[in-house]
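For reference, the structure discussed in these notes is given below.
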Amino acid sequence: MPDVLAETLYELIVATRILANEKVLDAFGHVSVRHPHDPQRYFIPRHRAPELAEVSDLVELTLDSEPVRPTDFRLYSEKVIHGEIYKARPDVHAVCHHHAHAVLPYAISGQEIVPVFHLGAVIGKVQFWDQRDEFGDTNMLVVKPEEGASLARALGPHWMVLMRRHGATVAGTGLRELTFRTVFGCDNARLQSEAMAHGRVDALSPGEAKLTAAHQSRPPSTNRAWDYWVRQVEKAGLMPAHAAAKAASNTGTRAKSGAKRAPAKSARKKSVTSRRRR
Ligand code: MN
């Protein structure tokens, strides 16, 4: 019987490596997945550059973005983006937050991103969110649950939200669909920018966008693209070791812990209060 949890954790790391290799994620940004057996929980890597993330870096969080088990890992400050979207959207099973250069001109200018080619249709109607509207001057990181909840409201029933002067957050019903939408969302933005430089953008009609999005979001497309991106990750020598996934499912979320990652119980407890909120 396939180990669904182990496969899900492994695919989360593969999706993360794909999005790093495709230059969507750089030093920053993150991908998460909802727990396949418990909709009230999700997994996300610890605080580190996405391309370096391993299955052993995954932490299991509640939808309030609190660790299910004490951990000495430093966590992403913007994890509430994920938790609050999972809370608001039971149909969402994977989330990516990124600052890809392809979409940032739109986040900066407020110009709408619209589907300009068939594969770009999967972005749907892209929403805007301005943290300033509700929260005034901040350090522009989405760290408070109410900030995450506000972003989730802006996303509404849609799949992509541009965060003004910051980046974007993309949602999916699963990791492969999310990866497809995230990569082609960036391609679409890049192509739209190039078309705008030509002087005219002829976008898909609403009817075309709807029909095309439904078609391209199906597994024949998302799996084919996934296999292609996996091959690119393999060529780059960036595939995570598959065995790690099996170890993770046997030992909770800590596969192959190095000495540094397995502190004594008392040290671990202490580090929770001092580190998890950063
Ligand atoms: Mn960010």
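The values are calculated or read from the model by the stated rules, or taken from the named source; none is laboratory data. For clarity, every value in this text was computed on a predicted model and none was experimentally measured. Quick reminder, even Gly has a Cβ in these numbers, built from the backbone with ideal geometry, and neighbours come from all protein chains shown.
Among residues of the range 96-124 that are closer than 17 Å to Q216 by Cβ and at pLDDT 95 or above, those with a beta-carbon under 9 Å from a residue that is in a loop (DSSP other than H, G, I, E, B) and polar (S, T, N, Q) at least six positions away or on a different chain give the pairs A121/S217; V122/S217. Among the helices (runs of 4 or more DSSP H) confined to the range 108-211, the ones with at least 1 residues that are within 16 Å of the ligand (Cβ to nearest atom) and charged (D, E, K, R) are located at 131-135, 145-155. Considering (1) more than 16 Å from the ligand (Cβ to nearest atom); (2) within 13 Å of the chain's Cα centre (by Cα); (3) hydrophobic (A, V, I, L, M, F, W, C), the lone condition that L25 does not fulfil carries the number (1).
Yes/no per residue for (1) surrounded by 23 or more Cβ atoms within 10 Å (Cβ to Cβ); (2) under 24 Å from E177 (Cβ atoms); (3) among the basic types (K, R):
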{"residue": "E54", "(1), (2), (3)": "no, yes, no"}
{"residue": "D64", "(1), (2), (3)": "no, no, no"}
{"residue": "K87", "(1), (2), (3)": "no, yes, yes"}
{"residue": "A107", "(1), (2), (3)": "yes, yes, no"}
{"residue": "I113", "(1), (2), (3)": "yes, yes, no"}
{"residue": "G124", "(1), (2), (3)": "no, yes, no"}
{"residue": "V143", "(1), (2), (3)": "no, no, no"}
{"residue": "E146", "(1), (2), (3)": "no, no, no"}
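Restricting attention to the range 47-61, the residues that are closer than 18 Å to L175 by Cα and part of a loop (DSSP other than H, G, I, E, B) add up to 2. Evaluating P36 against the criteria (1) closer than 30 Å to D202 by Cα; (2) touching a residue at least 24 places away in the same chain (Cβ under 8 Å); (3) not in a strand (DSSP E or B) leaves one unmet condition, (1).
Selection of the range 85-132 for residues being of a type in the set (G, A, S) and either touching a helix residue (DSSP H, G or I) at 6+ places or on another chain (Cβ under 9 Å) or farther than 27 Å from A49 by Cβ (or both) yields A88, A94, A100, A102, S109, G110, G120, A121, G124.
What tally of residues in the range 139-181 results from selecting those that are free of Cβ contacts under 8 Å to residues at least 24 places away in the same chain and of a type in the set (D, E, K, R)? Selection size over the range 139-181: 1.
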